[in-house]
């Protein structure tokens, strides 16, 4: 990535442009720190003082902005949702047909798996560590988006029962993410796409 591109890169959790920290608000800096620490080490493991230290803000800034660690965790997960959704949506723009877009979801997932800092699904990790109401709400919203995306693309591709196929493909999507993380194998997305294609063809036949 060249210097110009680097200056316009956005952080995964906040969408704030990097390269000009002086213009970042306390909220921006807290979310950036939370995204890095929570995703890498876990929402339960990382204490609030570490987030505050990395963000370089006063403790009062966190409580004035978010009110509690729980709310910061919720904001972090909403940021992850927005980032993944935007990335997959952009990736699907290159596919011309609904069928290709549906299978392209798994190709886009593979691009996420190939990132050097990939640590699996942030929502699975947070739910297993700290199953609070805020975490569950964020996880439900993200999973609902994935299911709606797969179901909608199945409908656009002409599948007679898109809800059933959407659920089946969601299971493959989840399994691919777990396999990529546990086996350290980004190629799990290739196997997931192949399985999705078999299911899609069967649903259309």
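Structure notes:
- Lone qualifier among 117, 185 - being more than 21 Å from residue 78 (Cβ to Cβ) and not in a helix (DSSP H, G or I): 185
- Annotation note: of 166, 158, the sole residue that is at positive phi and in contact with a helix residue (DSSP H, G or I) (Cβ under 7 Å, 6 or more places away or on another chain) is 158.
To keep it simple, each residue is scored yes or no on (1) under 28 Å from residue 46 (Cα atoms); (2) under 12 Å from the mean Cα position of the chain (by Cα).
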{"residue": "72", "(1), (2)": "yes, no"}
{"residue": "76", "(1), (2)": "yes, yes"}
{"residue": "93", "(1), (2)": "no, no"}
{"residue": "96", "(1), (2)": "no, no"}
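- Count of residues meeting criterion [in a loop (DSSP other than H, G, I, E, B) and in contact with a helix residue (DSSP H, G or I) (Cβ under 7 Å, 6 or more places away or on another chain)] in the range 77-114: 1
- Odd one out for residue 67 among (1) surrounded by fewer than 16 Cβ atoms within 10 Å (Cβ to Cβ); (2) more than 22 Å from residue 137 (Cβ to Cβ): (2)
- Hey, residue 50 at pLDDT 95 or above, part of a loop (DSSP other than H, G, I, E, B) and surrounded by fewer than 16 Cβ atoms within 10 Å (Cβ to Cβ) or not: no
- Selection of the range 55-64 for residues being surrounded by 14 or more Cβ atoms within 10 Å (Cβ to Cβ) and not in a helix (DSSP H, G or I) yields only 57.
- Selection over the range 171-190 of residues that are surrounded by fewer than 17 Cβ atoms within 10 Å (Cβ to Cβ) and within 11 Å of residue 106 (Cα to Cα) gives a count of 3.
- With respect to the stated conditions, residue 35 fails to be surrounded by fewer than 15 Cβ atoms within 10 Å (Cβ to Cβ) and either part of a helix (DSSP H, G or I) or at pLDDT 95 or above (or both).
The values are calculated or read from the model by the stated rules, or taken from the named source; none is laboratory data. All values derive from a computational prediction rather than experimental measurement. Cβ coordinates were reconstructed from backbone atoms using ideal geometry, including for glycine residues, and neighbour counts include every protein chain displayed.
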